[in-house]
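Asker: Shown below is the structure under consideration.
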Amino acid sequence: MSAFQAIISGVFVYSYGQRTDMKVFPILWAKGDWRQINDVIADKGYDFYDVKKLIRDSRKYPVIPRRQGAIYPGIPPKDKEKYKTRNAIERFFGKIKEHKRLALRFDKLDVTFFSFFAISCLKVFKLLC
């Protein structure tokens with residue numbers, strides 16, 4: 001998908017494909033309601049000092065694997081069970097990306113993109129035929 005979309009308490013943050021998601025993370029973090037969240041699970045793309053510091057400063061625990069070039073790459077053994085839950089999210093976005101219109105970001109306006117994304121979510125959850 002050429003734009004990053006995150007659903008946290010109904011909050012969406014869009015970034016263009018040429019920007020890394022971790023640069024938009026502070027905006028998402030500021031807009032989200034994180035009171036009931038204890039662990040923040042993300043992929044290697046968020047293994048960035050500023051992202052982890054933002055999470056820790058909010059008294060949350062980041063479950064983010066280290067990048068390949070790190071001294072200790074991968075996910076710490078104590079976090080492996082928590083990190084497995086990320087698989088469900090990856091499968092969800094995999095199903096969403098089956099819609100070419102979303103995967104290639106055909107819509108120029110955010111409102112039309114989000115509308116089609118919402119319809120796709122209804123199809124994935126089998127709430128729409």
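The values are calculated or read from the model by the stated rules, or taken from the named source; none is laboratory data. All values derive from a computational prediction rather than experimental measurement. Neighbour counts are summed over all protein chains in view; Cβ atoms, including those assigned to glycine, are modelled from backbone coordinates with ideal geometry. For the accessible areas, the whole protein counts, side chains as well, though only heavy atoms, and no ligand, DNA or RNA atoms are used. Shrake-Rupley method; radii C 1.70, N 1.55, O 1.52, S 1.80 Å.
Asker: Kindly provide the set of residues from region 82-111 that are basic (Lys, Arg) and surrounded by 10 or more Cβ atoms within 10 Å (Cβ to Cβ), ordered by number.
Answerer: Residues satisfying the conditions are Lys82, Lys84, Arg86, Arg91, Lys95, Lys97, Arg101, Arg105.
Asker: How many residues are open to solvent by less than 70 Å² (accessible area, probe 1.4 Å), without any contact (Cβ under 8 Å) to a residue 24 or more places away in the chain and among the β-branched types (Val, Ile, Thr) when one looks only at region 117-128?
Answerer: Residues that pass the stated criteria total 0.
Asker: Something else now. Let me spell it out: the conditions are (1) more than 20 Å from Asp43 (Cβ to Cβ); (2) open to solvent by 100 Å² or more (accessible area, probe 1.4 Å), and Phe114 meets all of them except one. Which number is the exception?
Answerer: For Phe114, the failing item is (2).
Asker: What is the residue count in region 50-81 for residues that are part of a helix (DSSP H, G or I), under 10 Å from Val40 (Cβ atoms) and open to solvent by less than 80 Å² (accessible area, probe 1.4 Å)?
Answerer: Of the residues in that region, 4 qualify.
Asker: While we're here: Got a number for residues in region 89-103 being part of a helix (DSSP H, G or I) and in contact (Cβ under 8 Å) with a residue 60 or more places away in the chain?
Answerer: Total satisfying the criteria: 4.
Asker: Next question. Could you tell me which numbered condition Gly45 fails, if it satisfies all but one of (1) of a type in the set (Gly, Ala, Ser); (2) without any contact (Cβ under 8 Å) to a residue 24 or more places away in the chain; (3) closer than 17 Å to Val24 by Cβ?
Answerer: In the conditions (1) of a type in the set (Gly, Ala, Ser); (2) without any contact (Cβ under 8 Å) to a residue 24 or more places away in the chain; (3) closer than 17 Å to Val24 by Cβ, Gly45 misses (2) alone.
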